[in-house]
Amino acid sequence: MIDPNKTERQDERRRLNAEAAAWHLRLRNGTADDDSTEYLDWLAMSPDHGAAMKRARSTWAILGDHAAAPEVVRVRRDALDRSGKFAAGRWAAFRSIPRPLKAMAAAILLAVIAVPTFFLWQQVGDKPANGVAAVQVFETDIGETRVVTLADNSRVSLDAFTRLNVRYTADERDIELQRGQAHFDVAKDPTRPFRVVAGDQTVVATGTAFNVEMVGDNVLVTLLEGEVIVTDASVVMPAMPSLPIEAVAPPVLKLKPGQLLVASARQEVQIVNDTNMQKTNAWRDGRIFLEGDSLSVAVARMNRYSRIRLSVADHSLDALRISGIFNAGDTDAFIEAVEAYFPVDARRMTSSSIELHRRQ
């Protein structure tokens with residue numbers, strides 16, 4: 001049964017977001033001043049107005065020039081068309097904006113990239129007593145894979161030894177991949193972006209299919225279809241409003257189908273074109289596809305499927321590049337191949353651990 005009070009609260013939040021976005025654009029383009037009576041009166045109506053304005057400023061700062069990208073504007077224009085049910089008198093501030101700017105104002109609202117307050121976003125509607133949105137945790141054990149269907153009918157395939165947190169609200173769909181690998185088939189919902197935070201990277205989509213993997217200190221994002229935006233998740237907003245918002249805009253990268261983004265703390269973000277989709281999807285068929293991967297990355301992937309833990313004792317071996325296709329969990333075949341083709345000896349340390357050493 002639909003809760004009319006919950007629906008009303010959701011509508012009110014969307015209305016405030018739209019008004020705040022409109023005011024932000026007016027302030028940016030000079031058609032309004034931040035000390036104008038009209039703007040100050042609007043802020044003074046409720047603390048919720050100030051909070052909505054903060055969200056609008058933060059979103060623009062994180063998206064930078066992409067906030068006005070044509071495809072984002074188009075999605076937000078559709079969202080505005082659907083939002084006409086709000087009372088006409090409540091849209092006074094928004095209606096004062098010229099039509100072309102309305103689409104841009106809407107564009108600010110929803111293509112939001114996560115910031116360090118990711119875990120503090122509040123849920124509109126049913127909240128626990130502490131006011132923080134409830135989190136669903138999905139986790140797989142070593143050697144276990146799983147497919148889950150989320151509340152919006154998005155499907156997530158979890159690789160072995162993977163953990164992710166899911167937080168859905170009336171306005172947002174937020175995922176945190178804490179370890180492992182997951183494939184996302186995102187249900188289309190232009191009014192609620194689908195965000196995945198993995199390490200220091202955030203992936204944003206509205207309806208698409210992509211793969212995210214955390215291996216070692218790398219984050220790999222592969223786009224299979226549709227379009228996603230990827231940005232640094234460690235954005236810190238300026239404490240002083242006098243600092244230009246554009247000064248803190250992070251790099252925002254847009255992926256096309258077939259592209260792979262590789263992010264590492266040790267080097268700049270790289271984008272690989274025409275990536276091998278067979279490799280990307282192999283794990284979903286119970287195989288591990290290695291293609292010029294370092295030994296440590298290969299070991300990390302093999303360890304997701306076996307309770308016999310492999311480790312690289314000599315880090316100089318990381319210069320080796322491993323290629324091949326292995327059945328998930330077949331540690332013996334992997335060790336046999338590594339010892340046959342490289343100067344590596346596998347030493348069994350305990351019944352459940354093997355170290356890889358450089359052959360003397």
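Below are the figures for this structure:
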item: Hits in the stretch 202-222 - residues which are under 16 Å from Ile271 (Cα atoms) and more than 13 Å from the chain's Cα centre (by Cα); result: Asn218
item: Pairs, first assigned by TED's automatic domain parsing to the domain that holds Asn17 in the stretch 27-53, second of a type in the set (Gly, Ala, Ser) and surrounded by fewer than 16 Cβ atoms within 10 Å (Cβ to Cβ), C-beta under 8 Å, six or more apart; result: Leu43/Gly50
item: Residue ID - surrounded by the fewest Cβ atoms within 10 Å (Cβ to Cβ), chosen from residues in the stretch 195-228 that are more than 12 Å from Leu177 (Cβ to Cβ) and of a type in the set (Val, Ile, Thr); result: Thr208
item: Per-region count, the stretch 203-233, residues polar (S, T, N, Q) and at pLDDT 85 or above; result: 4
item: Evaluation of Pro343 against (1) of a type outside the set (A, V, I, L, M, F, W, C); (2) in contact with a strand residue (DSSP E or B) (Cβ under 7 Å, 6 or more places away or on another chain); (3) under 21 Å from Ile142 (Cα atoms) (one fails), failing number; result: (3)
item: Any hit, the stretch 340-356, residues being farther than 24 Å from Trp283 by Cβ, among the charged types (D, E, K, R), in contact with an Asp or Glu (Cβ under 7 Å, 6 or more places away or on another chain) and surrounded by fewer than 19 Cβ atoms within 10 Å (Cβ to Cβ); result: yes
item: Residue within the stretch 336-349 that is in contact with a helix residue (DSSP H, G or I) (Cβ under 6 Å, 6 or more places away or on another chain) and closer than 24 Å to Met277 by Cβ present; result: no
item: Filter result (surrounded by 14 or more Cβ atoms within 10 Å (Cβ to Cβ), under 20 Å from Arg321 (Cα atoms) and not hydrophobic (A, V, I, L, M, F, W, C)) within the stretch 262-291; result: Ser264, Thr275, Asn276, Lys279, Thr280, Arg287, Glu291
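Every residue, every condition in (1) surrounded by fewer than 17 Cβ atoms within 10 Å (Cβ to Cβ); (2) in contact with a helix residue (DSSP H, G or I) (Cβ under 7 Å, 6 or more places away or on another chain); (3) of a type outside the set (Asp, Glu); (4) modelled with pLDDT of 75 or more, yes or no:
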{"site": "His24", "(1), (2), (3), (4)": "no, yes, yes, yes"}
{"site": "Ser36", "(1), (2), (3), (4)": "yes, no, yes, yes"}
{"site": "Asp41", "(1), (2), (3), (4)": "yes, no, no, yes"}
{"site": "Met53", "(1), (2), (3), (4)": "no, yes, yes, yes"}
{"site": "Trp60", "(1), (2), (3), (4)": "no, yes, yes, no"}
{"site": "Ala67", "(1), (2), (3), (4)": "no, yes, yes, no"}
{"site": "Glu71", "(1), (2), (3), (4)": "yes, no, no, no"}
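The values are calculated or read from the model by the stated rules, or taken from the named source; none is laboratory data. Just so we're clear, the structure is a prediction, and the values are computed from it rather than from any experiment. Backbone-built Cβ (ideal geometry, glycine too); neighbour counts: all protein chains shown.
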